[in-house]
Amino acid sequence: MFLRDATTCLLLLAAASFFLAGLVGLLRFPDVFCRLHALTKADNLGLGLVCIALIIQADSWHGAVRLLLTWFLVLVSGATIAHLIARKALQQGQTPWRNR
Amino acid sequence: MTLLFGHLIDLLLAVSLTVLAWRLLATSDLFKATVLFIAFGLLMALAWVRLDAPDLALAEAVIGAGITGVLLLTALRHLDSGARVARMSGRSGRRSLRVLLPALGIMPALLVLLCLSSPHIRSTAGLTASVIERLDQIGTDHPVTAVLLDFRAYDTLLETAVLLLAVVAVWSLHPVRPIFSPEPISPAQRGLLRLLLPVLIMTSLYLLWRGSHAPGGAFQAGALLAAGLLLLLLSEQRLPGRWSGMFLRLLLAGGFMIFLLVAAGALVGTGTLLDYPGGGASWLLLSIEAALSLSIAALLATAVIGGRPSDRSTEFPPRRKDPAGEEG
Amino acid sequence: MNDLSVYAAAGILLFFIGLYALFFRRQLLRKILAANVMGSGVFLIFIGLVKQPGQSTDPVPQAMVLTGIIVTLCFTAAAIALAIRLKELNEEHHSATRPEDDFG
């Protein structure tokens, strides 16, 4: 019982640190492409950790399946939206930032 | 311990909501205000979860964050006049007044809270017990659905009429404006559409069915379906012209008409408006809800499109070929 | 103080912030956003005040707030259509809008 709660707490803290990393990337990166990259990767992974943490706490298997489905949907839609934003940015003429 | 964290989360959420609302109304960039408003809608959905109102959380997430977001973004395209120069609102002079007035709002807040923390407000039982004890006479097990479709069915009938009237108002203002359609759309977007659309339809049906015994119902299902329709619109799928005439109008008015027919039938049958025969069998409520959600989906999508269909030969909404002046 | 009435407090603040923005911001779209925020504040007050920590939420205010959310979307759509039409009509009749008119 305690092990289950402790694992959940650890996973949630890890997820929070991933979200924080994504947030820092959103605020500090120099370019829309870098920001998209940081945000999408960190947020998807953070959400995955949250889902795993909650699956450990779930009472029934279909609750766990619902959590996994949520993560999958967010993964797919997040990736597609990041792609669409980057595509639009390229079409508008923004060039990726280079470290000179 | 968990109680303390619960209080902390509530406090954090309430403060975030207030700060977010202030920021979104104070920023000078309209696009930023719109994006912040979508985030505000999501936080509101979280607040409804904390307040143990899952129906409201579902509705707020779909409507407040989703559909209103699309509506505002399309409005931004029309209203934000070309130059994205950040224009402050007028009255640049009275800064002290601008700072003072929100501070004056805290006073009523504290006053109201002070008198409301008196015990006699807390001790009223509310209507939960009365609803629950009459629940077995109705065809649903979920109290909110029972209130919406039976105890306060008149409100729901009129609410559907308000939705219809909103679309009539939008349609009476202007014919539908052409929407610039970039060809081709990204294959990733097409793939996402292929994945999401069946999921949305299934989830909408599930919510509709679920409303009879758990949080869900016609409005959430209809709004989710409307989100699917908007997704189709954003992926450059349009309603063929021959369907934008009588079929569309029947779809829009159908939910309200069916609800009204049932109400009138009950009036003829038992002498009281909306006095369902047999107290409201579950199949009757479910069929009303099904018609309602189809109509609501069509109504919300047409409200976002923003203009009446011109004639039966063009698509709805029509395409505009030239990208001149398009900011995307 | 009930631990959930912090939402009611937030609702009151939201209402007043929205009210202020409704009066003192020039841009129509911002006024529409302010009206939405005011509506959300009222809904929070509705549910935040009646929520008792132990029991399930009263279904009648929930149904009313659900109706309110839908009606908020309705008037937002109608208001946006009006604002767009207003801007178009203004552009038809003047070659340039006056600087203090702002239909954005």
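The values are calculated or read from the model by the stated rules, or taken from the named source; none is laboratory data. Predicted model only: the values in this text are computed from it and were never measured. Every residue, glycine as well, gets a Cβ built from its backbone with ideal geometry; the counts of neighbours run over all protein chains shown. We work out accessible area using only protein heavy atoms, side chains counted, and drop any ligands, DNA or RNA first. Shrake-Rupley method; radii C 1.70, N 1.55, O 1.52, S 1.80 Å.
Restricted to the range B:29-133, the set of helices (runs of 4 or more DSSP H) holding at least 1 residues that are modelled with pLDDT of 65 or more and either closer than 23 Å to B:Val15 by Cα or under 28 Å from the mean Cα position of the chain (by Cα) (or both) comprises B:30-50, B:54-59, B:68-79, B:95-116, B:128-133. The set of residues in the range B:171-218 that are within 11 Å of another protein chain (Cβ to nearest Cβ), out of contact with any Gly (no Cβ under 6 Å at 6 or more places or on another chain) and in a loop (DSSP other than H, G, I, E, B) comprises B:Pro182, B:Ile185, B:Ser186, B:Pro215. The condition of being modelled with pLDDT of 90 or more and either surrounded by fewer than 19 Cβ atoms within 10 Å (Cβ to Cβ) or in a helix (DSSP H, G or I) (or both) holds for only one of B:Leu267, B:Leu273, B:Leu284, B:Leu251, that being B:Leu251. Check whether at least one residue in the range B:181-189 is under 25 Å from the mean Cα position of the chain (by Cα) and open to solvent by less than 60 Å² (accessible area, probe 1.4 Å), and report yes or no. The answer is yes; a qualifying residue exists. Just to verify a result, which residue in the range B:15-24, among those that are in contact (Cβ under 8 Å) with a residue 24 or more places away in the chain and within 18 Å of B:Ala65 (Cβ to Cβ), is nearest to the chain's Cα centre (by Cα)? This residue is B:Leu17.
Scanning the range C:22-49 for residues that are free of Cβ contacts under 8 Å to residues at least 60 places away in the same chain, of a type in the set (A, V, I, L, M, F, W, C) and closer than 20 Å to B:Ile63 by Cβ returns C:Ile32, C:Leu33, C:Ala34, C:Ala35, C:Val37, C:Met38, C:Val42, C:Phe43, C:Leu44, C:Ile45, C:Phe46, C:Ile47.
If the condition is being modelled with pLDDT under 90 and either closer than 11 Å to C:Ala10 by Cβ or facing chain C (nearest Cβ under 7 Å) (or both), then the range B:1-24 contributes B:His7, B:Asp10, B:Leu11. When the range B:16-28 is filtered for residues that are part of a helix (DSSP H, G or I) and not basic (Lys, Arg), the ones remaining, listed by number, are B:Ser16, B:Leu17, B:Thr18, B:Val19, B:Leu20, B:Ala21, B:Trp22, B:Leu24, B:Leu25, B:Ala26. Among the residues of the range C:1-14, those identified as open to solvent by 30 Å² or more (accessible area, probe 1.4 Å) and touching a Pro at 6+ places or on another chain (Cβ under 9 Å) are C:Asp3, C:Leu13.
Exactly one residue out of B:Ala281, B:Ala266 is more than 24 Å from the chain's Cα centre (by Cα), over 15 Å from B:Leu157 (Cα atoms) and small (Gly, Ala, Ser): that is B:Ala281.
Taking each residue of the range B:192-217 that is closer than 24 Å to B:Ala53 by Cβ and at pLDDT below 90 and looking for partners that are assigned to a helix (DSSP H, G or I) and open to solvent by 70 Å² or more (accessible area, probe 1.4 Å) with beta-carbon atoms closer than 9 Å, six or more apart or interchain, yields B:Gly216/B:Tyr206; B:Gly216/B:Trp209. Applying the criterion of being more than 7 Å from every other protein chain (Cβ to nearest Cβ) and buried (at least 20 other Cβ atoms within 10 Å of the Cβ) to the residues of the range C:54-78, the residue that is farthest from B:Arg77 (Cα to Cα) is C:Pro61.
Could you grab me the full set of residues in the range B:44-60 that are more than 7 Å from chain C (Cβ to nearest Cβ) and open to solvent by 40 Å² or more (accessible area, probe 1.4 Å)? The answer is B:Leu46, B:Val49, B:Arg50, B:Pro54, B:Leu58.
Within the range C:28-53, the only residue that satisfies the criterion of being outside any helix (DSSP H, G or I) and buried (at least 22 other Cβ atoms within 10 Å of the Cβ) is C:Lys51. In the range B:256-266, is there at least one residue being closer than 22 Å to B:Ile63 by Cα and among the aliphatic types (A, V, I, L, M)? Within the range B:256-266 (the criterion being closer than 22 Å to B:Ile63 by Cα and among the aliphatic types (A, V, I, L, M)), the answer is no, since none of the residues qualifies.
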